[in-house]
Amino acid sequence: MTPADGPQPLNRLVPVGSQTVAAAERAPAPRSWCASRALLVALVVLGTGLRVVPIVQNRNLWIDEAMLALNLVERTPAGLLEPLSWNQGAPAGFLLATKFTITAAGASEWGLRLFPFVASVLGLAGFAWVSRRVLAPPAAALALALFAVNPVLISYAAECKQYVVDAAVATGLLGVSLALLNGAADRWRHAVLAACGAAAVWFSHPAAFVLGGIGTALLADAAFARDRRRLVAAAGTVACWLASFVACYALTLKHLGNSRYLLDYWAGHFLPLPPTGPGDAVWLVDHVVDFFIYPGGLGGSEFTLGGLAALLGLAGVVDLARRRRPVAVALVLPAVLALAASGAQKYPFAGRLLLFLVPLALLAVAQGACRVAAGLRAVHPTAGALLVGLLALGAVLETSQSFKRPVRHEQITEVLGELRGRLRPGDRVYLYYGAAPAFTFYTRDTPLPVPVTFGTESRGDRTAYRDELRRFAGEPRVWVVFAHRYRDEESLLRGYAESLGECRAEVLRPGAAAYLYDFRAARER
């Protein structure tokens, strides 16, 4: 086995093609339990179990899932390649794979979420493999632990959205390219990487950033080593990716960059270019730190470790660059490219859209944490363990909170079930606009037997509901149904409804509700 094929400990000399990675001080021998494969297997089992929890909770589709699900159930596979309805956008490969699963398993929550769940579990197993080959055993175990308990990865493993697939694809691409990043020059490795990268852009939009980092690292390493064979092979690989991406962009991506709805929705999360003052630098720092909190999973409601994690990630990248510069470039450059795309108003640098960076960032954070912990042990025997424990504790606490109080928990089917039993002839239903996608999905085969009025999205006009409610003046029974409530809009709408009439009954469920109003008094005003 060549050095490029197996793990490359960071504390020894490693020949890499024509390049020799500089020697570093030999770190203390890791404890046996850190190097144990059994520990990594246990962490993979733990992470898989945590990802099963939201699946078996059988939550209703929340608004974003419902909007995408309506496209999936109402369109043919060919129709999914056209611009989607409900202001949605998703990779063509993800859409077709999910369409296949719901055709085979039915358009239930489970069928819609099956592909992301499988991708999440495969990504977890792949990350275990990658971490052992990029990091020394203690750092690999820490990185895998942070990945396994990451609350955002766990949550999106049970949602009909593409973001956890982005993370799995990023992990897979890094794994496939590792031997080449370590200096291997086998043609078949380049062929495999070319094929995987060409396919990846159809399943994950930000795969282009990951491939940009890997491709740049391979080209630069071959150029600096003056290895013409590797340079030509890397250039051919990148050319395959570019051809696939151009086709993908022309067929499925071009319209997303011009979506006014999406640009408005993510306003404030595009890098200010050109910078005009100190505030733009603050924007950059804030967004980088926020990334380590969400979706990085390092702290949140209990306490935040974003700043500490960012510093540890920087230390980890610097440490990796001294030993394995191509790997360090492949870890860092995707974030730089994402920021550049953000500055071009093409890709928001925020939230779930950055989940693809989490595997790369956690490798850097774990490497930095273990190096800093090794230095702290010289100060106090337990200082290093406390640092590592603090990182893990932040992720564990946030995950436990997400299980206790799921953020995207909107049980509208329970409200609709209760509502059907209480409806009388002549009743009317007013639907808050945030409930419209889920309501439409769950009533597509069994519509309510009474007239339903869909509320208008506020879009800055927070009084539109007043005219809509006034049209019910004189009606004795009007049900007002809520789900996915924005800010304080439910209290504002209910307050106005109670100024027109009297609330006679209510149905309350997690994240959804229905209120019965008598508006007969409104006609007399």
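The values are calculated or read from the model by the stated rules, or taken from the named source; none is laboratory data. The structure presented is a predicted model; accordingly, all values stated were derived computationally and were not measured. When we count neighbours, we look across all protein chains shown, and the Cβ atoms used for this are built from the backbone with ideal geometry, even at glycine. We work out accessible area using only protein heavy atoms, side chains counted, and drop any ligands, DNA or RNA first. Shrake-Rupley method; radii C 1.70, N 1.55, O 1.52, S 1.80 Å.
Structural remarks
- Put simply, of 312, 305, 298 the only residue that is modelled with pLDDT of 95 or more, under 24 Å from the mean Cα position of the chain (by Cα), of a type outside the set (D, E, K, R) and open to solvent by less than 30 Å² (accessible area, probe 1.4 Å) is 312.
- Where a residue in the range 82-93 is under 20 Å from residue 115 (Cβ atoms) and its partner, wherever it lies, is hydroxyl-bearing (Ser, Thr, Tyr) and modelled with pLDDT of 95 or more, with Cβ under 6 Å and at least six apart: 91/204
- Per-region count, the range 68-97, residues of a type in the set (Gly, Ala, Ser) and under 19 Å from residue 244 (Cα atoms): 6
- Scan of the range 386-399 for residues that are open to solvent by less than 70 Å² (accessible area, probe 1.4 Å) and aliphatic (A, V, I, L, M), ordered by number: 387, 388, 390, 391, 392, 395, 397
- Inter-residue pairs, beta-carbon under 6 Å, first of a type in the set (Asp, Glu) and in the range 319-346, second buried (at least 21 other Cβ atoms within 10 Å of the Cβ), 6+ apart: 319/367; 319/371
- Residue selected from the range 468-525 under the condition part of a loop (DSSP other than H, G, I, E, B) and among the small types (Gly, Ala, Ser), by the criterion surrounded by the most Cβ atoms within 10 Å (Cβ to Cβ): 511
- Complete set of residues in the range 315-339 that are among the small types (Gly, Ala, Ser) and open to solvent by 10 Å² or more (accessible area, probe 1.4 Å): 315, 321, 335
- Counting only residues that are surrounded by fewer than 24 Cβ atoms within 10 Å (Cβ to Cβ) and either more than 27 Å from residue 219 (Cβ to Cβ) or in contact with a helix residue (DSSP H, G or I) (Cβ under 8 Å, 6 or more places away or on another chain) (or both), the range 340-356 holds 8 of them.
- When we screen 226, 230, 187 for residues that are basic (Lys, Arg) and on the phi > 0 side of the Ramachandran plot, the only hit is 226.
- Flag for residue 50 being open to solvent by less than 10 Å² (accessible area, probe 1.4 Å), farther than 30 Å from residue 318 by Cβ, among the hydrophobic types (A, V, I, L, M, F, W, C) and in a helix (DSSP H, G or I): no
- Check on residue 197, at pLDDT 95 or above and not basic (Lys, Arg): yes
- Checked against the criterion of being out of contact with any helix residue (DSSP H, G or I) (no Cβ under 7 Å at 6 or more places or on another chain) and within 22 Å of residue 237 (Cβ to Cβ), the range 162-183 has at least one qualifying residue.
- Count of the range 411-430 residues which are over 23 Å from residue 108 (Cα atoms) and not in a helix (DSSP H, G or I): 8
- The residues in the range 213-247 that are under 30 Å from residue 84 (Cα atoms), surrounded by fewer than 22 Cβ atoms within 10 Å (Cβ to Cβ) and of a type outside the set (Ser, Thr, Tyr) can be counted, and the count is 8.
- Checked against the criterion of being more than 24 Å from residue 297 (Cα to Cα) and of a type outside the set (S, T, N, Q), the candidates 406, 425 yield just one match: 425.
- Selection of helices (runs of 4 or more DSSP H) fully inside the range 130-196 by the criterion of at least 2 residues being more than 22 Å from residue 53 (Cβ to Cβ) returns 137-148, 163-181.
- Evaluation of residue 305 against the conditions (1) in contact with a strand residue (DSSP E or B) (Cβ under 7 Å, 6 or more places away or on another chain); (2) hydrophobic (A, V, I, L, M, F, W, C); (3) under 28 Å from residue 214 (Cβ atoms) shows that the sole unmet condition is (3).
- Scanning the range 403-410 for residues that are in a helix (DSSP H, G or I) and more than 28 Å from residue 183 (Cα to Cα) turns up at least one hit.
- Residue in the range 101-122 that is of a type in the set (Lys, Arg), in a helix (DSSP H, G or I), modelled with pLDDT of 95 or more and open to solvent by 10 Å² or more (accessible area, probe 1.4 Å) present: no
- Flag if residue 265 is surrounded by fewer than 20 Cβ atoms within 10 Å (Cβ to Cβ), closer than 27 Å to residue 457 by Cβ and either modelled with pLDDT of 85 or more or not small (Gly, Ala, Ser) (or both): yes
- Leading residue by the ranking (farthest from residue 173 (Cα to Cα)) among those in the range 223-238 that are touching a residue at least 24 places away in the same chain (Cβ under 8 Å) and out of contact with any Gly (no Cβ under 8 Å at 6 or more places or on another chain): 226
Here's the yes/no breakdown for (1) touching a Gly at 6+ places or on another chain (Cβ under 6 Å); (2) surrounded by 13 or more Cβ atoms within 10 Å (Cβ to Cβ); (3) at pLDDT below 95; (4) within 30 Å of residue 141 (Cβ to Cβ):
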{"residue": "378", "(1), (2), (3), (4)": "no, no, yes, yes"}
{"residue": "383", "(1), (2), (3), (4)": "no, yes, yes, yes"}
{"residue": "415", "(1), (2), (3), (4)": "no, yes, no, no"}
{"residue": "429", "(1), (2), (3), (4)": "no, yes, no, no"}
{"residue": "436", "(1), (2), (3), (4)": "no, yes, no, no"}
{"residue": "442", "(1), (2), (3), (4)": "no, yes, no, no"}
{"residue": "451", "(1), (2), (3), (4)": "no, no, no, no"}
